[in-house]
Amino acid sequence: MASIKAHEADRALARLDPAYRLVLIYGPDAGLVSERAAALARAHVDDPQDAFQLVRMSGDDIAGDPLRLVDEANTIGMFGGRRAIRVSPTAKMLLGAVEPLLATPSQDAIVIVEAGDLQRTNPLRTACERARTALAVPCYGDAARDLGTIIDEMVRAAGKSIDRTSRSRRCWSMPSSPGGCPCSTSRRPNSPAKGSMPASCSAPCCGTPWRC
């Protein structure tokens, strides 16, 4: 299964396994989807300003003519070098365009498909998660991301370090979900007493066992 959790996205994309020739980046946070797609595309070409190296394609156009994506992915650049194809989001079905590339991946280009909030049963998401040569990357806003990861990033940026207990307490104090487990959008009926921590939680927000 080639899928990851939301809090693993940045790390996975920064060290992308070369076996993944198609990356589906999806989620309700359109800005984050676009940001990650752009960063991944830039990292896989020598000159992002070269239209032959970084190819932008309309999701709507591809949905109308699925073979356009296959043809572009299998095109060999005039001057060689690495290539990336970035497909914009569309409300139309792209499975017909993506399936051939899952079966026979491009060896010359990485294909980056942007999408909206795809449900677990969405055919495109399911196909990419099951393929060995594709990676499905979910994108959610900070309120739904792993707050522990966000805190780690902030601490590292400041050149500091934080122990596990302080990290856990900071997660609990984050305002994204007052009275509820910060790693979940659900609310608890009763907040813990001041200075106390919840008992257990199945979600790996901060590595601390909490009960949502």
**OP:** Compute the signed sum of charges (Lys and Arg +1, Asp and Glu -1) over the other residues within less than 9 Å, Cβ to Cβ, of A97.
**Re:** -1
**OP:** Along each of the three principal axes of the Cα atoms of the stretch 6-138, give the extent in whole Å, ordering the values from largest to smallest.
**Re:** 40, 32, 26
Original post:
Taking K and R as +1 and D and E as -1, what net charge do the other residues with C-beta under 10 Å from the C-beta of R36 add up to?
Top reply: -4
Original post:
In the stretch 1-102, which chymotrypsin sites (Phe, Trp or Tyr not before Pro) fall in coil by DSSP and have 13 or fewer other Cβ atoms within 10 Å?
Top reply: F52, F79
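Quote the charge dipole size of the stretch 6-138 about the Cα centre in Debye, to the nearest 20; the model charges only the Cβ of Lys and Arg (+1) and of Asp and Glu (-1).
Details: 15 positive and 18 negative charges, 64 e Å.
So the magnitude is around 300 debye.
In a shell of Cβ-Cβ distance under 15 Å around M57, excluding M57 itself, what net charge do Lys and Arg (+1) and Asp and Glu (-1) give?
Numbers: positive: R56, R68, R83, R86, K92; negative: D60, D61, D65, D71, E72, E114.
Result for the local shell: -1.
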**OP:** Would you be so kind as to identify which of P89, G77, P28 lies farthest towards the positive end of the dipole of the stretch 21-94, taking Lys and Arg as +1 and Asp and Glu as -1 on Cβ and the Cα centre as origin?
**Re:** P28
**OP:** Could you work out how far apart the two model spin labels at D152 and I76 are, taking each label as a point 7 Å from the Cα in the direction of the beta carbon, and quote it in nm?
**Re:** 4.2
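Every read-out reported here was derived from the displayed coordinates using simple, explicitly stated rules and does not represent laboratory data. In this text, all values refer to a predicted model and were calculated from it rather than measured experimentally. We place every Cβ from the backbone using ideal geometry, glycine too, and count neighbours over all the protein chains shown.
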